[in-house]
1. Restricting attention to the stretch 14-24, report how many residues are at negative phi and surrounded by fewer than 15 Cβ atoms within 10 Å (Cβ to Cβ).
2. Being closer than 18 Å to residue 9 by Cα and surrounded by 13 or more Cβ atoms within 10 Å (Cβ to Cβ) is the filter here; which residues of the stretch 49-78 pass it?
């Protein structure tokens, strides 16, 4: 089962790749991130943790594209801007 650190590390890896490619933004869904880390779909998924980590990485200029009614779910979608601001 993945832990918060697993989601943080995968998201950091995605950000590094986006910056290396000189992208100006990426749009990421929680379900996609969770699939990369593992354990989703599955009965013991860690979607709330995944969504929390995605929100923690939001910075000024990032955009919450879609928020599920309960706040955490595979369709949570965030647009992250690059370069990342402190």
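Read-outs throughout are calculated quantities, based only on the coordinates presented, and are distinct from any laboratory measurement. Worth saying up front: this structure is predicted, and the values here are computed from it rather than measured. Ideal geometry is used to build each Cβ from the backbone, glycine not excepted, and the neighbour counts take in all protein chains shown.
1. Of the residues in the stretch 14-24, 7 are at negative phi and surrounded by fewer than 15 Cβ atoms within 10 Å (Cβ to Cβ).
2. 49, 50, 51, 52, 53, 54, 55, 57, 58, 78
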